[in-house]
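Take a look at the structure set out below.
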Amino acid sequence: MGRDRKERLAAFNLLSGALGLILATTPWMLDEVLEPLAVWSAVFGGALVMRLGFSAAMSFRAWKAWGQAVVGSWLLAGPWLLQWGGLSKMTFAHVVVGFAVVAIAAAGIRTGKAVPMSSHDGPPRAAQPC
């Protein structure tokens, strides 16, 4: 993968991590902390996006992009699966962040496919840092 592509991908993953941080704080920023499922979805979903995004920015691995795609998909569907879609601000935040994370993950997956996979692209091992 060319240096320019790596830097661009790292920048997108940093953006993904920042979006996760923003999502994790939205219940308090939007003053919608009365629905516990919405708060938990925002905090844990945001934390996962933040962790995967910042980690992928430092060292890209295909499994991290796939993880971002799964979490982003959850964020997109979560308001309706957990039946709190009536909270318009929280639903909007989940959908916007979820869509952006899925798009960033898709770009990472597509970019990763253009390069032969290394032995480091497998699933993480329990005792090794990401």
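A few remarks follow.
- Annotation: A38 fulfils all but one of (1) among the small types (G, A, S); (2) farther than 26 Å from T111 by Cα; (3) surrounded by fewer than 21 Cβ atoms within 10 Å (Cβ to Cβ); the unmet one is (3).
- Count - residues of the stretch 41-84 that are without any contact (Cβ under 8 Å) to a residue 60 or more places away in the chain, open to solvent by 20 Å² or more (accessible area, probe 1.4 Å) and in a loop (DSSP other than H, G, I, E, B): 3
- Residues satisfying the stated conditions in the stretch 1-21, i.e. open to solvent by 80 Å² or more (accessible area, probe 1.4 Å), touching a residue at least 12 places away in the same chain (Cβ under 8 Å) and more than 11 Å from A100 (Cα to Cα): R5, K6, L21
- Long-range neighbours under 9 Å by Cβ, at least six apart or interchain, first residue among the aromatic types (F, W, Y) within the stretch 93-106, second surrounded by fewer than 23 Cβ atoms within 10 Å (Cβ to Cβ): F99/L76
- Of all the residues in the stretch 78-96, those that are over 23 Å from L15 (Cα atoms) and of a type in the set (G, A, S) number 3.
- Within the stretch 22-35, the set of residues being surrounded by 15 or more Cβ atoms within 10 Å (Cβ to Cβ) and out of contact with any Leu (no Cβ under 8 Å at 6 or more places or on another chain) comprises I22, A24, T26, P27, L30.
- Count of residues meeting criterion [modelled with pLDDT of 90 or more and either over 10 Å from the mean Cα position of the chain (by Cα) or under 16 Å from I22 (Cβ atoms) (or both)] in the stretch 53-73: 3
- Top-ranked residue of the stretch 85-104 - restricted to ones that are under 12 Å from L23 (Cα atoms) and in contact with a Gly (Cβ under 7 Å, 6 or more places away or on another chain), ranked as surrounded by the fewest Cβ atoms within 10 Å (Cβ to Cβ): T91
- The residues in the stretch 24-52 that are at pLDDT 85 or above and in contact with a Pro (Cβ under 6 Å, 6 or more places away or on another chain) can be counted, and the count is 2.
The values are calculated or read from the model by the stated rules, or taken from the named source; none is laboratory data. Nothing here was measured: the structure is a model prediction, and the numbers come from that model. FYI the Cβ positions are ideal-geometry reconstructions off the backbone, even for glycines, and counts take in every protein chain you see. Ligands, DNA and RNA are stripped out before the accessible areas are found, and what is left, the full protein with its side chains, is counted by its heavy atoms. Shrake-Rupley method; radii C 1.70, N 1.55, O 1.52, S 1.80 Å.
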